[in-house]
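So the structure is just underneath, and the comments pick up after that.
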């Protein structure tokens, strides 16, 4: 299959591989070469006519486009503008949204559990790590020094991975701790209002995250994010696993931190995995470096997975609110009730108002990489982006930094920025982020961040970045076969299989900032 017409109503097809001038697509002869992921006009368009893809308008052409020509960002303009009025027109979720039968033979039937860590508060982790979290950027170096000293102490002759951040020692056989990581950031002081609260909230979310078997919080002492107030925000914790201290109040902050880390490690190292139902999985859905195949291969694969995990009683979370613009009514009409619809309207309009307060257009997207990959407008990007959440009903809507409380499909307020959005997904309580990409990216946030390629050339070229290749869907491998294999992959990761970013030691956080820095 060299091309695809996604919806019968579409007036464009998409090249699934590089096509040459003179080839025939849907009975139309190509007038020029068309790169993979780009759109081919199937019937002549006049200037101002809408381009239809996924069955919806993705913008209008700015000049005549004859049949067989390629249309891209140079000749398509968005139809989007500012705030809109929305009406709740609910649709029912399909009774069977997944193409996967849980009664089918094979591992999917047998593996409705994974090996996870049951925490005392009822949460389940898929990793057992110790995190060192600074309350303020001023102590970033101290946190890293504590981690480095401690890892050398427990295993001085062991290689800890390429960046010395991952414990993989056979000498520490009795320990189930799989990583000890410091998470530097720039904030915690000189912030006001919402930015200050965002920092405090995300860091507090990390303290409560089930992938952490223990947490050491390190404070300077004079920052805005005062430790006493932060401790109050965090609330009750297991004090054998969560410890905090102020560096200005001790004479040797590294040695003091080391002692606390020893105590945390003694407890966390005894944790063991056990069988856990997949209903306990909470999975973040994210895309970045998207291309014209994202909405055809990898994102629909995540949509099938999302529907499957929701059917099992689990949870998925979709974010990147600016990349819902143009497809928001699809999500709104899938809300379980009018109250959820109202929250979704606020989710969309609040983000649009944020753009407008900054004097920025709401449609300032896609990125240069997206355009090079065949995505021309924000509507096109959004219609592809929202494929990741399948067809399930929307059960919950979360503010930035808010933690999950409702199972099923949730929407989360966060920007499209890859690391900021992935951090927000993890902070909401997701144990893993599934990240689709057509261009490739190596990063990871503070939970396993698995990369799913939209095309096979990327998977072959960047095998050190890519964990799963969805590009085979464009090569005629059926969705049921690929999605069953993908479910196995996710359950393996949940049971301890490291993803590429973990193997490379790439673990970072980024906190949403929009206001004044003092």
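The values are calculated or read from the model by the stated rules, or taken from the named source; none is laboratory data. Everything quoted here is computed from the prediction, not taken from an experiment. Please note: Cβ atoms are built from the backbone with ideal geometry, for glycine as well, and neighbour counts cover all protein chains shown.
Suppose we keep only residues that are in contact with a strand residue (DSSP E or B) (Cβ under 7 Å, 6 or more places away or on another chain) and without any contact (Cβ under 8 Å) to a residue 40 or more places away in the chain within segment 5-28. Which one would you say is surrounded by the fewest Cβ atoms within 10 Å (Cβ to Cβ)?
If we take residues in segment 5-28 being in contact with a strand residue (DSSP E or B) (Cβ under 7 Å, 6 or more places away or on another chain) and without any contact (Cβ under 8 Å) to a residue 40 or more places away in the chain, then 22 is surrounded by the fewest Cβ atoms within 10 Å (Cβ to Cβ).
Has segment 350-362 got at least one residue that is within 30 Å of residue 40 (Cβ to Cβ) and over 21 Å from the mean Cα position of the chain (by Cα)?
Looking through segment 350-362, at least one residue is within 30 Å of residue 40 (Cβ to Cβ) and over 21 Å from the mean Cα position of the chain (by Cα).
Pick from segment 165-188 the residues that are out of contact with any helix residue (DSSP H, G or I) (no Cβ under 7 Å at 6 or more places or on another chain) and more than 18 Å from residue 448 (Cβ to Cβ): which of them is modelled with the highest pLDDT?
Checking each candidate, the answer is 175.
All but one of (1) within 23 Å of residue 239 (Cα to Cα); (2) surrounded by fewer than 19 Cβ atoms within 10 Å (Cβ to Cβ); (3) at pLDDT 95 or above hold for residue 113, so report the exception by its number.
Going through the list (1) within 23 Å of residue 239 (Cα to Cα); (2) surrounded by fewer than 19 Cβ atoms within 10 Å (Cβ to Cβ); (3) at pLDDT 95 or above, residue 113 breaks only (1).
Take segment 252-271 and flag every residue that is under 15 Å from residue 154 (Cβ atoms) and over 34 Å from the mean Cα position of the chain (by Cα).
Result: 259, single match.
When the residues of segment 327-339 are filtered to those that are over 22 Å from the mean Cα position of the chain (by Cα) and surrounded by 15 or more Cβ atoms within 10 Å (Cβ to Cβ), which remaining residue is nearest to residue 89 (Cα to Cα)?
Only one residue fits best here, namely 333.
Every residue, every condition in (1) over 22 Å from residue 365 (Cβ atoms); (2) in contact with a helix residue (DSSP H, G or I) (Cβ under 7 Å, 6 or more places away or on another chain), yes or no:
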site: 36; (1), (2): no, no
site: 39; (1), (2): no, no
site: 42; (1), (2): yes, no
site: 49; (1), (2): yes, no
site: 56; (1), (2): no, yes
site: 67; (1), (2): yes, no
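Give, as residue ranges, the helices (runs of 4 or more DSSP H) completely inside segment 270-375 that count at least 1 residues that are modelled with pLDDT under 95 and over 26 Å from residue 55 (Cβ atoms).
Qualifying helices (runs of 4 or more DSSP H): 338-357, 368-372.
Run down 84, 45, 80, 31 and say which single residue is touching a strand residue (DSSP E or B) at 6+ places or on another chain (Cβ under 9 Å) and at pLDDT below 95.
Result of the check over 84, 45, 80, 31: 80.
What number of residues in segment 198-227 are in a helix (DSSP H, G or I), in contact with a strand residue (DSSP E or B) (Cβ under 9 Å, 6 or more places away or on another chain) and over 30 Å from residue 270 (Cβ atoms)?
Final tally of qualifying residues: 2.
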